[in-house]
Every structure is written in C-alpha cells, then in structure tokens.
Amino acid sequence: MKASVTAHKDFTIARIDDRVYSAFLEHLGRAIYSGIYEPGHPTADANGMRGDVAQLVRDLNIPFVRYPGGNFVSAYNWEDGVGPRENRPVRLDLAWHTSDSNQVGVHEFVDWCDLVGTKPMLAINLGSRGLDEARNFVEYVNGPTGSYWGDLRKKNGRADPFDCRLWCLGNEMDGPWQVGHKTADEYGRLANETAKTLRAFDKSLELVVCGSSNSDMKTYPEWERIVLEHSYESVDHISLHMYFGNRSGNTANYLALNEKLDRYITTVESTINLVKANKRSRHDVYISFDEWNVWYHSNEQDRAILAGAEGWPHAPRLLEDIYNFEDVLQVGCILNTFIRKSNVVKIACIAQLVNVIAPIMTEPGGAAWRQTIYYPYYFASIYGRGTALNLAVRSPGYDADIADNVPYIDIAGVHDEETGNLTFFAVNRHPNESFELDLALQGFGAARVIDHQVMTHADLRAVNNLANQTAVVPHKGTGASVEGARLTARLPPYSWQMIRVS
Ligand code: AHR
C-alpha cells in the first residue's frame, strides 16, 4: 500500500514549545519513594536520590516536571515537606489511601530538578485549602529573604529564591473524586482570586487553571467556558488530562484514540476563542495537557492491592502499568497529535515519569530500566523540537468506533530551522500491510537520510520487565532514501519510526 505526503517549508503550524515534552511526578505509589528517592540504594547520592534513575531522566531532556500531584495535591500541606527531615510528620494521603513520610518536599524536589536538568512546575492545593496557603507557598518558594517566608526558607537551607515560574492552580477540580471538588463557578472564582493574588506578588508567573479531567466528563466543555469566563485575564494556560486504554483488546479502536484527543484539543481551543471574543480580550490562553499516557494495565492489580492493604501503606506498588509494544504505537500517535496541535498546546506532561504509569521502572535496591514507551517519548523529546509542518497526507484509512476513515499512517513533521534538519515520526496502524511512504520535500534542500529508527515487534503484547529489560527496543531502519527532493521509505505493519533527513 502507498501513503503520499507533501512537506513544504512555508506550510507550517507553529513553533513547537519545548515544554510539550514535559513530565509529571506525584506522591503516589513508588514514584517518589523507591522511584527517584531511595537512600541506601547503591546508586543514591548524599541526598538519597537514585543515580540510575537520574541518568535515565536526564537522557530524556525534560523541560519541566509537574509536582507534587495529581489528586494527592488536593489534601497536601506543603509545610509538611520542609524543615529538618526528622521533624516532618507522616500524613495520611486521602487520594490514594496511603501514608506519606514527607521525606521529599519542595527543597528536595527542586534540587532533584537541578540534578536531572529539568525545571519544576508546582501544583497548589485548591481542594482542601485556599488562597492564603497558596500565596504563602509561592512566597516561601520565590520570596525574598528579609520577609517571613523567605527567611524560613533560608533557615531551612536555601537563601536564594527557587524562582519557580510555572504554577498549577489545583488539580482536576471538576472531578467528584477530588478532595474539595467544586462546581465550575466555585472553582473559577477561587482560581481567579488566587491568580490575582499571586500576580500581586509577581505578575510574571505563568499560571495554569484546571480544565476538564477528561472529555467524557458530564461538565465538559461547559466547565472550560465557565472557568475561563471567571479567570481568562489572570491565567496563561488551561489544563487538560487524558488517559488511554485498550480494555476490550481491540487494537484498531485503541490506535484510533488520538482522533478523540485531537477533537478534545480542538473543542477546548474553540472554547478559549469563544471566551476571548466574549471578553474582547487581546490576551491569549493556551492548553497545558499536563497529564497524558496509557493507563489501564494495572487497574485490577490496584484494586487487589488496596482491598488487601491493612491500614495506610507507604509507597505500595500502585498504578504500575507494564507497557507493551502496542503502547509504543499509541504513545507515538499521541505525541504526533501534540506536534500537530502545537499552535495551542504549549505544555504537555507524560503522566507519570517513574514507576507510576511511567516510562521508567525501578526495583527497590535493584535495577532501573526503560519501559517500551520510553523510546517514542525519548526520540520526540530529543528530535521533535523546531517548527511543526502542516503536512498534506494521503493515506487509506479504516473505520473505528471513535471516527471513520482513520488514516493507517499517522505522521508528524518537524523542521529545525537552525540546523535545517527535518524529522518525521510515523506510525503504521495497519495490522499486516507495509506502506511505501512517498514524501515530497518542497523548499528544504534536504539531500540524505541521517537517521532512521524503527520499532516493530512480532508480538503486540511484548514488554520490557526486570527479567528482560530490552525485549522491545528501537532498531536502525534500512532502505529509506532521498532522491530528487523525495523521501521514500518502507513502513512495516504495526510500526513506529523516526526518519531524519538533512
Ligand atoms: O496520574 C494519576 C492520577 O490521574 C492523578 O493523580 C490525577 O490527577 C488523575 O486522575
């Protein structure tokens, strides 16, 4: 079968914000404890941070990591995580029915961000708490010494402000499961007043207001409209979340789900524009897609863990999805969607980063390894930076539950204007047909293939685990070539690939 694509240097979508390759870490399960932090681990540094995990994270070149939640943040007291570790209280976590030793708090997290070359995106509790705690937290993190909170931070070991620029105003406040869940009007007013107050402290902060937890919520997309009617002028981004699963074992439907993601983004983009027009505003609000990933493999195991747990366990093995090869294709399609929506999606966070629905897994006292989905995320983060191209794509398609005529070939293109390099990420969703890709390169002067990485596997259910950490890995592709401004390549059935030309 054949897919024809045209890329033209002047047909662009937008400059891709590097922050779409961000990630998320929550005090949940083993993300923090025995994830990034494990004093006594053979690779741990003096602060107890695992060196093997830090290296795998560093390799990903992640712009921002969102922290500390998630549902966790909606009953979190940030003060519990500062000051001498021996004085920090153990608290019950109401979101995940566990307990937290608070041995990692904002100081340790920001130091870890420095260690792995990323920046913090901090979330504020607007569930059980409100405006006053929010302003105290921001002042503690960013305020000058010579004032109460800045001096307390200094006493706790850090004189210089942490200078965190990006803040989330709560988490999934539309969700009835959330501690302190609110109606859109209640939340919109609180978010706006909180944003105004934080801006009185520092008007240059970047603020993210909560949108819908997913596009199946009954309140979606009215939630977005109402929340933005309240807060439009005081915020910079509205957050969206979406998790993907193949519970019915239908690969064709599963791999079509980024059509739903695309529609979700487009609808919220329209809602932003509606509110902007209603307000006659010149201000722009963008989308922060700050939780996305595959999440379904561990659901049953989690029910069993929580049903069998006595009391409030510390760092149990919750949400430990073991990803398979099929999920590589899904993650590839999701990342392609963010590239194609780069005009409005300026931040996106893979949820999460370590152990909890994560590309990186660890064993306490033992190894850290890359899950299958690490690879499409890695290649997108490293090479998917530049300008998104508005590709003209002609590919046969198939009908799925979510949409008709879903193209078998899902492709995104990125032009790095500094180097002149072009990078294409393509997924072949066809179960048994190879595609001949014929890609016209107009106006680039590209002459040769500089890299071709392929992920394909005979078994969609193949996984990487502690015993076999490299069952699903990328391989160098062969046969891709550029001749007379045409890139040609063979895309095998059920495959992900990255082709780079220069
Ligand atoms: O990432 C896991 C959970 O998913 C987060 O805590 C919550 O925000 C979302 O529902």
How many of the residues making up the stretch 308-335 are within 13 Å of residue 351 (Cα to Cα) and part of a strand (DSSP E or B)? 0
Suppose the filter is part of a loop (DSSP other than H, G, I, E, B), more than 26 Å from residue 324 (Cα to Cα) and away from the ligand (no atom under 16 Å from the Cβ); does residue 230 pass it? no
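Go through the stretch 10-32 and give me each residue that's within 16 Å of the ligand (Cβ to nearest atom) and of a type outside the set (Lys, Arg). First the steps, then the outcome.
Taking the stretch 10-32 first, the residues within 16 Å of the ligand (Cβ to nearest atom) are 22-32.
Across the stretch 10-32, the qualifying residues are 22, 23, 24, 25, 26, 27, 28, 29, 31, 32.
From the list 76, 37, pick out the single residue that is hydroxyl-bearing (Ser, Thr, Tyr) and within 16 Å of the ligand (Cβ to nearest atom).
Details: 37 fails: within 16 Å of the ligand (Cβ to nearest atom).
The conditions single out 76.
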Which residue is nearest to residue 105 (Cα to Cα), if the candidates are limited to the stretch 136-156 and must be touching a helix residue (DSSP H, G or I) at 6+ places or on another chain (Cβ under 7 Å) and part of a loop (DSSP other than H, G, I, E, B)? 156
Say whether the condition of being within 16 Å of the ligand (Cβ to nearest atom), in contact with a Phe, Trp or Tyr (Cβ under 7 Å, 6 or more places away or on another chain) and over 21 Å from residue 69 (Cβ atoms) is met by at least one residue in the stretch 136-146. no
Suppose we filter the stretch 208-234 for residues that are under 24 Å from residue 161 (Cβ atoms) and surrounded by fewer than 24 Cβ atoms within 10 Å (Cβ to Cβ); how many remain? 1
Given (1) surrounded by 15 or more Cβ atoms within 10 Å (Cβ to Cβ); (2) part of a helix (DSSP H, G or I); (3) modelled with pLDDT of 95 or more, residue 305 misses just (3)
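Test of understanding: among 82, 141, 110, 73, which residue is among the aliphatic types (A, V, I, L, M) and closer than 17 Å to residue 28 by Cα? Break it down into steps so the answer makes sense when it comes.
Details: 82 fails: closer than 17 Å to residue 28 by Cα; 141 fails: closer than 17 Å to residue 28 by Cα; 110 fails: closer than 17 Å to residue 28 by Cα.
Just a single option satisfies the conditions, and that option is 73.
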Given the condition assigned to a loop (DSSP other than H, G, I, E, B) and more than 16 Å from the ligand (Cβ to nearest atom), answer yes or no: does some residue in the stretch 261-277 qualify? no
Which one is farthest from residue 171 (Cα to Cα) among residues in the stretch 63-73 that are within 16 Å of the ligand (Cβ to nearest atom) and assigned to a loop (DSSP other than H, G, I, E, B)? 68
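Just wondering, is there one or more residues in the stretch 181-197 that are within 30 Å of residue 429 (Cα to Cα), surrounded by 24 or more Cβ atoms within 10 Å (Cβ to Cβ), under 24 Å from the mean Cα position of the chain (by Cα) and more than 14 Å from the ligand (Cβ to nearest atom)?
Taking the stretch 181-197 and keeping what is within 30 Å of residue 429 (Cα to Cα), we get none.
No - not one qualifying residue is present in the stretch 181-197.
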For the stretch 79-97, how many residues meet the condition of being buried (at least 19 other Cβ atoms within 10 Å of the Cβ) and either aliphatic (A, V, I, L, M) or away from the ligand (no atom under 12 Å from the Cβ) (or both)? 3
Could you grab me the full set of residues in the stretch 336-367 that are in contact with a strand residue (DSSP E or B) (Cβ under 8 Å, 6 or more places away or on another chain), assigned to a loop (DSSP other than H, G, I, E, B), more than 24 Å from residue 494 (Cα to Cα) and within 14 Å of the ligand (Cβ to nearest atom)? 352, 353, 355
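The values are calculated or read from the model by the stated rules, or taken from the named source; none is laboratory data. Remember, it's a predicted structure, so these values are computed and weren't measured experimentally. Glycine gets a Cβ as well: all are built from the backbone with ideal geometry, and neighbour counts include every protein chain shown.
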